[in-house]
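Novice: Take a look at the following structure, please.
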Amino acid sequence: MSGASGGRGGGLGDGEATDAGGATGARWKGVRHPGMVGIALLTFSYVSVLYHVTDVVGGSATMAVVVAGSAVAAAALGRFMRIRTALFVGGALVIGGMGVYVLSVPASSRALFTVGRVVADTVALLTGLSVLRLTNAGVWALAIAPAPVFLSVCLALRGRYGWAVAVGGGALLFFILTGDADSATTLVGVIGAAAAVGFETMNVRGGVAAELDTLAVVVAAMIVLSAVLSVVPGGAAEPLLPDRGVGTVESNVVSSSEEVTVVGSIRLSPKVRFTVESDDPEYWQTGAYNRYTGSQWVRTDTARPYQGRLDGPPGESRPLVQTVTARTEMDALPAAWKPVAVDGRTADTAKVTRQGGLVAGDAVLANESYTVRSEVAQYTEEQLRRSGTDYPGTLGEDYTQLPDSTPDRVRDRAAEVAGDEENAYDKAVAIEEYLESNKGYTLNVEEPDGDVADEFLFEMDAGYCTYFATTMVVMLRAEGVPARFVTGYTPGERVGENEWVVRGLNAHAWVEVYFPDVGWVRFDPTPSDPRVSTESARLDQARQDGEPGVDTNETRRDDDSETPTPTPTETETPDPDETPTPDDGDDGTPNGSDGNASDGIDPNGTGGSDVRTPAFTPAPNDGGGGDPPADDGPSLPSRETLGVWLALLVGLVAGARRVDAAERAYRFFWLRHQRRRETPERDVERAYARLERLLEKRYRPRKPGETPRAYLRALSNVGLDPRAERVGRAYERARYGRGVTREEAETAIDDVDALVRSRGRDGARTGR
Amino acid sequence: MTDAETTDAGISGRTALPVAEAATLARRIAENVERVIVGQRDAIEHILIAILSRGHLLLDDVPGVGKTMLARATARSLDCSFKRVQFTPDLLPSDVTGVNVFNQKTREFEFQPGPVFANVVLGDEINRAPPKTQSALLEAMEETQVTVDGETRPLPDPFTVIATQNDIETGRTYELPMAEIDRFMKKLHLGYPDEASETEMLGRVVGNHPIESLEPVAAVEDLRKAQRTVAAVEVSQPVRSYVTRLAGYTRDHAELGVSPRGSIALLRASQARAVLDEREYVIPDDVQAEATTVLSHRVLAGGAGAGRTVVEDALDSVPVE
């Protein structure tokens, strides 16, 4: 209720300010309405989304000016302007804004603007494509912002709260559909909209206190509404309630392909996802993300259909053919970077992202195979050190984007760690080593509130791959090195000469840095030992628990019964025996030569510069390491969750009271079922009571001083069924006269039964 | 009210008519009266109800709207005796009740019955007579007997007084006290006939006045039986409760509400109304149809017509159960 009182106060404050400005009485009246506060809340909600966009891609100061300017213009003009003119101006602002946006798009892209394309893009936006994925999201946000702000303020000033809410609500709905408005923003907006309409209505009726239960119901409805709305676009990735459940690393980084949200605690899925036949183990990439929002990674621009061979990396490369066989349905196309061709049914629907990766159009079905040909860049450390900063096109700017709100201490720390290094490669190595040696590995983390990189650097001691990769990219970008966040799978368990089994727990996130004339080079800042041991412990546990889908024919060499210990997997670790991979040679032929960039796949003990535990050797005596992820059982919900549930409960109770739910339910059954009583008189009286209840719903209740006969006669003028009058006569005899016979009672009950039944059909016919 | 009772109706006057026959009788009378009185069907029914439920009637109206004609036509249709008393300031009680006259021949006092000894008595402008004279009539109404010089004489059966009041010329009038007004079962306003009825009425009075040719359509004995029919009409507990609550409402919402006598009158009138509707039991509709005319004059509230308003409010807000 503090909102209500605060709302009134705010409304009055507005009014005073306006009055001081010498406004007319009519204006005073318009602003004093507390509904104005609701409009302000609603406006705040969608403007905050736009502001967030400009914060991420730059231009937040301009955004503030644009929004304030629109609001002031609306406040100044709202008094004089007719509604029609205001609508016209609003429309002009939209069209003008779109024009600005189109002009801002590079000429090459503009050529692609066709009606069909624009429609397709709009549909994509409205079905969950984040605004942030627009190439020029900043310009777009600035262009679109003035129209709804101007219109809703204008309309609200003219007292047209309904229209104002429609305009603001439309804007908010748009962002809800694009998935940019999170639950909190949506809740604020919906509360604002409800307050604007509600307060105006209550003003008319008078008395906020009298409507407290209505407010409780409305708030509960808003919570449900916003929760449901925000769940629409993102699917599984979006929370139904603030306290989102513990997902898996895989579902977090791989499944939601257009964006990756950094979440809190996470699990590992031991299920086998796919197998790869490949000459070399590689990181099987599923997505690369260029835009960082502080808590999310977004891939800008829509993917285009795959139409034949793609370009390889700019420098030297070696071909690598992989045949991937899905074990469960997959909506990603894991492949070694950089894919250049794909075969199989998948090729018909595959799409190519702006970032050069492959994404699946249709899901890859279980046991379906596809073949990807990749060109793996070949380079030496020296090459990378000497590659310089001659980035092609706008790549240099695109991949060094950071939100304006990135704290300075992150930049400072990046400069501290890598500022002294002279080239991008050394910077990357320095940062990678810094993170690896200073942060621990855990899957149980509290979801950070602010900027993920900032939180991870300064507030957290440990995290998992998403945190490491995100932070490394942010630090690199702070140092001006183009880098991106990449998701996919580590090579998996080797089960044959060139066959690899990849499980859900192999899902991973890492970093790619761009080097001119070489291309994207992988760095993995996540400490591999604890990660691998956690993964293997999870796998052991899954095997022990007998979870299905954990093993393939190749991997399962022991029966469960024979492997009772938590560390049964020595025999199934082919990695030590299979160390022939050429990527460890000193000549640096494969991309893993530097050791830093390939820690995850270096076989046992033969790593490059760093001596590390092999990635795919299950740590033999680390059985306990994997336990924490397993106990994701029920724990006490957070205070926020309890609060939300409490509000919901209060709302439900108030709502039930408001609509007399119990009584309604009782009446519902009471109306439809009549048990025979001891006397025919009682039966007839009850039949009549049901009839009256029925007529009350369909026409009007009987007035206090109205006799049953007068009531039925009055209703018969509007087409009452004659059976009703028959029941009425029987009732008179039963109640006032000398009683009724059993037959008459039965007739009355049957009549009422028939009337109750016919009600539904009538209702359908008359649309009641 | 069984068939057996109907068949031996001739044996004694103690039997009642079946409801259907009583209703037919009433309808026959009403239609007969209507041959003379145009456009006053409601008033005719009210008079019949008063007669059938042994009540009396107060007509409150301007002169010349047919009060007397209505009373005469009703009496004539019933084959009843009819007397008319014009109340004046110098009218004495004995002028109403009758007087013992010394008969020179028989050397005895002989009772000379006054105009009150008739089945239907019309008391014109009752408020012009002094209270003593008024009370003589009112006592006769209440007791259905007259006491002259210590000797009590019963009045004929049926006995109905139709009194009229003229509210226009209030000079030299004696307003009836509430206690006496209470003795009238109903108080009616005839009002002016509507245009069509008046035109029709004018057409009928040209030449011979139709009242001269009016034939009785009911025997006095039938009327008595019909009265018994009315008295036998069943009044269920919900209806009795409704009547009580209506009376209670007027007591709560006026200076002077309806007396228990008023409640009884309402119940009786409702019984008669039920018979007119060919019913053997009273329903709330009967009560509502009678309440205005039976209760309004018993409620004292504010100015003229306020009693009626209170009764109408009662009808609107007292729930029918």
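The values are calculated or read from the model by the stated rules, or taken from the named source; none is laboratory data. Predicted, not measured: the structure shown is a model, and the values here were computed from it. Reconstructed Cβ throughout: ideal geometry from the backbone, glycine too, with neighbour counts over all protein chains shown.
Novice: Picking from B:GLN288, B:GLN271, which residue would you name as being within 14 Å of another protein chain (Cβ to nearest Cβ) and surrounded by fewer than 24 Cβ atoms within 10 Å (Cβ to Cβ)?
Specialist: Sole residue among the options that is within 14 Å of another protein chain (Cβ to nearest Cβ) and surrounded by fewer than 24 Cβ atoms within 10 Å (Cβ to Cβ): B:GLN288.
Novice: Select from segment A:141-172 the residues that are free of Cβ contacts under 8 Å to residues at least 60 places away in the same chain and out of contact with any Gly (no Cβ under 7 Å at 6 or more places or on another chain) and write down the one among them that is surrounded by the most Cβ atoms within 10 Å (Cβ to Cβ).
Specialist: Here the residue is A:ALA166.
Novice: Moving on to the next point. Within segment A:651-662, is even one residue closer than 25 Å to B:ALA274 by Cβ and either exposed (fewer than 14 other Cβ atoms within 10 Å of the Cβ) or within 14 Å of another protein chain (Cβ to nearest Cβ) (or both)?
Specialist: No, the conditions are met nowhere in segment A:651-662.
Novice: For segment B:16-115, list the helices (runs of 4 or more DSSP H) that sit wholly inside it and hold at least 2 residues that are closer than 29 Å to B:MET178 by Cα, outside the structural domain of B:VAL275 (by TED's automatic domain parsing) and touching a helix residue (DSSP H, G or I) at 6+ places or on another chain (Cβ under 7 Å); which are they?
Specialist: Helices (runs of 4 or more DSSP H) meeting the threshold: B:41-52, B:67-77, B:93-97.
Novice: Here's something else I'd like to know. Return yes when B:ILE162 is over 20 Å from B:GLU278 (Cα atoms) and not in a helix (DSSP H, G or I) and no when it is not.
Specialist: yes
Novice: Mind checking which residues of segment A:381-391 are surrounded by 16 or more Cβ atoms within 10 Å (Cβ to Cβ) and either in a loop (DSSP other than H, G, I, E, B) or of a type in the set (Lys, Arg) (or both)?
Specialist: Within segment A:381-391, A:ARG385, A:SER387, A:TYR391 qualify.
Novice: Next question. Go through segment A:53-81 and count every residue that is over 17 Å from A:ALA143 (Cβ atoms) and of a type outside the set (A, V, I, L, M).
Specialist: The total comes to 3.
Novice: Condition first: touching a strand residue (DSSP E or B) at 6+ places or on another chain (Cβ under 8 Å) and not hydrophobic (A, V, I, L, M, F, W, C). Now tell me which residues in segment B:113-138 satisfy that.
Specialist: B:PRO113, B:GLY114, B:PRO115, B:ASN119, B:GLY123, B:ASP124, B:GLU125, B:ASN127
Novice: Evaluate the following for A:TYR731: is it at pLDDT 90 or above, closer than 27 Å to B:SER317 by Cβ and either surrounded by 14 or more Cβ atoms within 10 Å (Cβ to Cβ) or of a type in the set (Val, Ile, Thr) (or both)?
Specialist: yes
Novice: Kindly list, by first and then second residue, each pair from a residue in segment B:296-321 that is farther than 16 Å from B:LEU59 by Cα and within 14 Å of chain A (Cβ to nearest Cβ) to a residue that is acidic (Asp, Glu) and surrounded by 15 or more Cβ atoms within 10 Å (Cβ to Cβ), limited to pairs with Cβ atoms under 7 Å and residues at least 6 apart or on different chains.
Specialist: That search, which allows pairs on different chains as well, returns B:VAL320/A:GLU706.
Novice: Where residues in segment B:274-285 are surrounded by fewer than 21 Cβ atoms within 10 Å (Cβ to Cβ) and in contact with a strand residue (DSSP E or B) (Cβ under 7 Å, 6 or more places away or on another chain), which of them is farthest from the other protein chains (Cβ to nearest Cβ)?
Specialist: B:GLU280
Novice: So, one more: When you look at A:THR302, is it surrounded by fewer than 21 Cβ atoms within 10 Å (Cβ to Cβ), modelled with pLDDT of 85 or more and of a type in the set (Ser, Thr, Tyr), yes or no?
Specialist: no
Novice: Only one of these is under 17 Å from A:GLY192 (Cβ atoms) and not β-branched (Val, Ile, Thr): A:PHE80, A:PHE88, A:PHE44. Name it.
Specialist: A:PHE44
Novice: Give the number of residues within segment A:120-133 that are under 15 Å from A:THR353 (Cβ atoms), aliphatic (A, V, I, L, M) and at pLDDT below 75.
Specialist: Final tally of qualifying residues: 2.
Novice: If B:ASP42 satisfies all but one of (1) closer than 25 Å to B:ARG268 by Cα; (2) surrounded by 23 or more Cβ atoms within 10 Å (Cβ to Cβ), what's the number of the condition it fails?
Specialist: Failing condition for B:ASP42: (2).
Novice: Across segment A:682-708, what is the total count of residues that are of a type outside the set (A, V, I, L, M) and within 14 Å of chain B (Cβ to nearest Cβ)?
Specialist: Step one: filter segment A:682-708 for residues of a type outside the set (A, V, I, L, M), giving A:682-683, A:685-686, A:688, A:690, A:692-693, A:696-708.
Now restrict to residues that are within 14 Å of chain B (Cβ to nearest Cβ): A:682, A:685, A:688, A:692, A:701-708.
Of the residues in segment A:682-708, 12 are of a type outside the set (A, V, I, L, M) and within 14 Å of chain B (Cβ to nearest Cβ).
Novice: Next question, about the same structure. From the list A:TYR731, A:TYR711, A:TYR736, which residue is at negative phi, free of Cβ contacts under 8 Å to residues at least 12 places away in the same chain, aromatic (Phe, Trp, Tyr) and within 11 Å of chain B (Cβ to nearest Cβ)? Give the derivation first.
Specialist: Values: A:TYR731 fails: free of Cβ contacts under 8 Å to residues at least 12 places away in the same chain; A:TYR711 fails: free of Cβ contacts under 8 Å to residues at least 12 places away in the same chain.
It is A:TYR736.
Novice: Identify, from the list A:VAL364, A:VAL321, A:VAL342, the residue that is at pLDDT 80 or above, surrounded by fewer than 18 Cβ atoms within 10 Å (Cβ to Cβ) and not charged (D, E, K, R). Spell out how you get there, then give the answer.
Specialist: Numbers: A:VAL364 fails: surrounded by fewer than 18 Cβ atoms within 10 Å (Cβ to Cβ); A:VAL342 fails: surrounded by fewer than 18 Cβ atoms within 10 Å (Cβ to Cβ).
Unique residue meeting the criteria: A:VAL321.
Novice: With the checklist (1) in contact with a Phe, Trp or Tyr (Cβ under 7 Å, 6 or more places away or on another chain); (2) in a loop (DSSP other than H, G, I, E, B); (3) not charged (D, E, K, R) in hand, flag the one item A:VAL324 doesn't pass.
Specialist: (2) is the only condition that A:VAL324 fails.
Novice: Okay, moving on. Can you tell me which residues in segment A:442-470 are assigned to a loop (DSSP other than H, G, I, E, B) and not β-branched (Val, Ile, Thr)?
Specialist: Narrowing segment A:442-470 to residues assigned to a loop (DSSP other than H, G, I, E, B): A:442-451, A:459-461, A:464.
Listed by number, the residues that qualify are A:LEU443, A:ASN444, A:GLU446, A:GLU447, A:PRO448, A:ASP449, A:GLY450, A:ASP451, A:GLU459, A:MET460, A:ASP461, A:TYR464.
For every residue, the table says whether it meets (1) more than 13 Å from A:THR286 (Cβ to Cβ); (2) free of Cβ contacts under 8 Å to residues at least 12 places away in the same chain; (3) out of contact with any Ser or Thr (no Cβ under 9 Å at 6 or more places or on another chain); (4) part of a strand (DSSP E or B).
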| position | (1), (2), (3), (4) |
| --- | --- |
| A:VAL342 | yes, no, no, yes |
| A:VAL359 | no, no, no, yes |
| A:ASP362 | yes, no, no, yes |
| A:ALA366 | yes, no, no, no |
| A:ARG373 | yes, no, yes, yes |
| A:VAL376 | yes, no, no, yes |
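Novice: Are there any pairs, at least 6 apart or on different chains, whose C-beta atoms fall under 8 Å, with the first in segment B:122-141 and more than 19 Å from B:PHE82 (Cα to Cα) and the second among the basic types (Lys, Arg), and if so, which?
Specialist: Going by the 8 Å Cβ cut-off, the qualifying pairs are B:ARG128/B:ARG172.
Novice: Given the conditions (1) surrounded by 21 or more Cβ atoms within 10 Å (Cβ to Cβ); (2) touching a Leu at 6+ places or on another chain (Cβ under 6 Å); (3) modelled with pLDDT of 85 or more, which single one is not true for A:VAL276?
Specialist: Single failed check for A:VAL276: (2).
Novice: Something else now. Give the residues of segment B:193-249 that are touching a residue at least 60 places away in the same chain (Cβ under 8 Å), within 14 Å of another protein chain (Cβ to nearest Cβ) and under 16 Å from B:VAL282 (Cβ atoms), sorted by residue number.
Specialist: Within segment B:193-249, B:ALA232, B:VAL233, B:PRO238, B:SER241, B:TYR242, B:ARG245, B:LEU246 meet the criteria.
Novice: Please state which of the following conditions B:ILE264 fails to meet, knowing it meets all the rest: (1) more than 14 Å from chain A (Cβ to nearest Cβ); (2) touching a residue at least 40 places away in the same chain (Cβ under 8 Å).
Specialist: Of everything listed in (1) more than 14 Å from chain A (Cβ to nearest Cβ); (2) touching a residue at least 40 places away in the same chain (Cβ under 8 Å), B:ILE264 misses just condition (2).
Novice: Follow-up question, since we're still on this one. Given segment A:126-178, what helices (runs of 4 or more DSSP H) lie entirely inside it while holding 3 or more residues that are outside the structural domain of A:ARG299 (by TED's automatic domain parsing) and closer than 16 Å to A:HIS52 by Cβ?
Specialist: Because the criterion is at least 3 residues that are outside the structural domain of A:ARG299 (by TED's automatic domain parsing) and closer than 16 Å to A:HIS52 by Cβ, the helices (runs of 4 or more DSSP H) in segment A:126-178 that meet it are A:137-144, A:161-178.
Novice: For the structure I just gave you, tell me whether B:LYS83 is free of Cβ contacts under 8 Å to residues at least 40 places away in the same chain and closer than 21 Å to B:LYS132 by Cα. Give the steps one after another, and end with the answer.
Specialist: On the way: free of Cβ contacts under 8 Å to residues at least 40 places away in the same chain: yes; closer than 21 Å to B:LYS132 by Cα: yes.
Yes; evaluated as a whole, the condition is true for this residue.
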